[in-house]
Each structure stands twice: as structure tokens, then as C-alpha cells.
Amino acid sequence: MKHDHTSPCGEDETRRLKTVCVYCGTGEGADPAYMDAARQLGRMLAAEGLGLVYGGGSLGLMGAVANSALEAGGHVTGVIPAFLEEREVMMQSVSELVVTSDMHERKRTMFERADGFVALPGGIGTLEEVVEMLTWGQLGQHCKPVVLADIGGFWRPLIDLLAHMRGEGFIRAGFEVDYRVANSVAEILPALRRPAGAGEGATEAGVADLEKL
């Protein structure tokens, strides 16, 4: 599937990947594979020398990815609005902590500090954050890669919905949604580093599913 954006983006964003924003839930989820994936991703980012930008909490997948990155010697930036300091149990041990005035500032700060985005399993907050990045990309406001970490098929309903939107004519030529799909943690960084416009879906399965439409 080709992407027909005409907005100039300058240098390929994937060539200068230094920090990765990870969106994920503050819960652990029903499948232990979700927590395992968060821990693996944190360790992998640290091992690759990539900084982690995340929501600043210490609970669930959010805490797992940050703690694992820190334990492996990685640099972790937590970004959290003041009103969520207690609810999400703000992590004081991060390398850098940014406390924002509201959710809008939080999301903008995370966007500005990251060179790419990964969505692990999560709730409506995670969904809202990753869809906003997809929307900004669709409108030509950035060329940063967005990866859906489809652990255990978690993001398949969203992938199917995007395909449905395209099939129904609401995602049209010139306004394609550029995202990549990783079915395992090992596929996440290759997906982030693949050149922009190389097709939706980081895996052969993802490409096949969407190109049939």
C-alpha cells in the first residue's frame, strides 16, 4: 500500500531515531504476555542506546517498561500531568521527570521529545494517544514512525477498523494512515527503523492483510 502524502518532511525520521515514546496501560492486563513485552521492550531500548519517553507512572505496563529500561542502564523521561501524580503513582526514580499542567501539554511534550512511537496494550488513554499520532501523521504534521505492538493480537480490532475505514472510503488516497504492526517485541525496532512509506504493517502478515483491501 502506497502513501501519497505530499507534505515535505525533510530528513527521514527513521535515520535519527534516538528516543522512543511508549504508550501503554497503567494496568497489567489479562494476559501475562503484556507485562513480559513491556519488560522486554524496556531492556531492548536500553541495550540499543535509545531513550524512553513515557507517561511517568509506576503502575502496570507503564511501570514495567520504565523500570526495565532503568535497570538496564537506559535513560528514561517520564511526562505526567500534576493531577495524575497520585493516581498513576508518579515514578521518582526516572532519569528526568517532567510534570505538566494538563493532558494536552503532556501529549505535546511526549511528541516533541520522541523520534518514534510504540503502542503496547492499554486502555482508552493509550488508544487516544496513538490515534492522535496517526491523525497528525495523516495530516502531514510529522513523519515519525508509529508502531502498533500487536502482542497477542491486542491491536487487531483497531487494525481491522482502520482497514474498514479505508474500504468505506473514509481513509482516501492522499490521506493514508502510515503505521507499522509488530507481532512481537523483536519486531518493534526494525519496524521503527524502516523507511517511511514502506507500507502499513511491520510484519508480512500485516502487509498481506492490508494490501488485499
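Things to note:
- Residues satisfying the stated conditions in region 169-206, i.e. at pLDDT below 90 and crowded, with 21+ Cβ neighbours inside 10 Å: Glu200, Gly201, Ala202, Gly206
- For region 187-197, the set of residues classified as touching a residue at least 40 places away in the same chain (Cβ under 8 Å) and in a helix (DSSP H, G or I) consists of Ile188, Leu189, Ala191, Leu192, Arg193, listed by residue number.
- The one condition in (1) out of contact with any Gly (no Cβ under 9 Å at 6 or more places or on another chain); (2) touching a residue at least 12 places away in the same chain (Cβ under 8 Å); (3) among the small types (Gly, Ala, Ser) that Ala66 fails to fulfil: (1)
- Here Glu48 does not qualify as open to solvent by 20 Å² or more (accessible area, probe 1.4 Å) and farther than 17 Å from Leu189 by Cβ.
- Selected residue (criterion: farthest from Met133 (Cα to Cα)) from residues of region 163-183 that are without any contact (Cβ under 8 Å) to a residue 40 or more places away in the chain and in a helix (DSSP H, G or I): His164
- Within region 64-82, the set of residues being modelled with pLDDT of 95 or more, in a helix (DSSP H, G or I) and either open to solvent by 50 Å² or more (accessible area, probe 1.4 Å) or of a type in the set (Asp, Glu) (or both) comprises Asn67, Glu71.
- Matching residues in region 20-39 - criterion: being within 13 Å of Gly74 (Cα to Cα) and either hydroxyl-bearing (Ser, Thr, Tyr) or open to solvent by 40 Å² or more (accessible area, probe 1.4 Å) (or both): Arg39
- Taken over region 89-105, the criterion of being within 25 Å of Gln40 (Cα to Cα) and open to solvent by less than 20 Å² (accessible area, probe 1.4 Å) is satisfied by Met91, Val94.
- Subset of region 110-130 (residues that are closer than 18 Å to Ser95 by Cβ, open to solvent by 20 Å² or more (accessible area, probe 1.4 Å) and in a loop (DSSP other than H, G, I, E, B)): Asp115
- Here Gln141 clears all of (1) at pLDDT 95 or above; (2) surrounded by fewer than 21 Cβ atoms within 10 Å (Cβ to Cβ); (3) in a loop (DSSP other than H, G, I, E, B) except the condition numbered (1).
- All conditions but one from (1) open to solvent by 30 Å² or more (accessible area, probe 1.4 Å); (2) modelled with pLDDT of 95 or more; (3) more than 17 Å from the chain's Cα centre (by Cα); (4) more than 22 Å from Ile124 (Cβ to Cβ) apply to His5; the one that does not is (2).
The values are calculated or read from the model by the stated rules, or taken from the named source; none is laboratory data. Given the structure is predicted, the values throughout are model-derived calculations rather than measurements. So basically every Cβ, Gly included, is an ideal-geometry build from the backbone, and we count neighbours across all protein chains shown. Note: areas computed on protein heavy atoms with side chains; ligands, DNA, RNA excluded. Shrake-Rupley method; radii C 1.70, N 1.55, O 1.52, S 1.80 Å.
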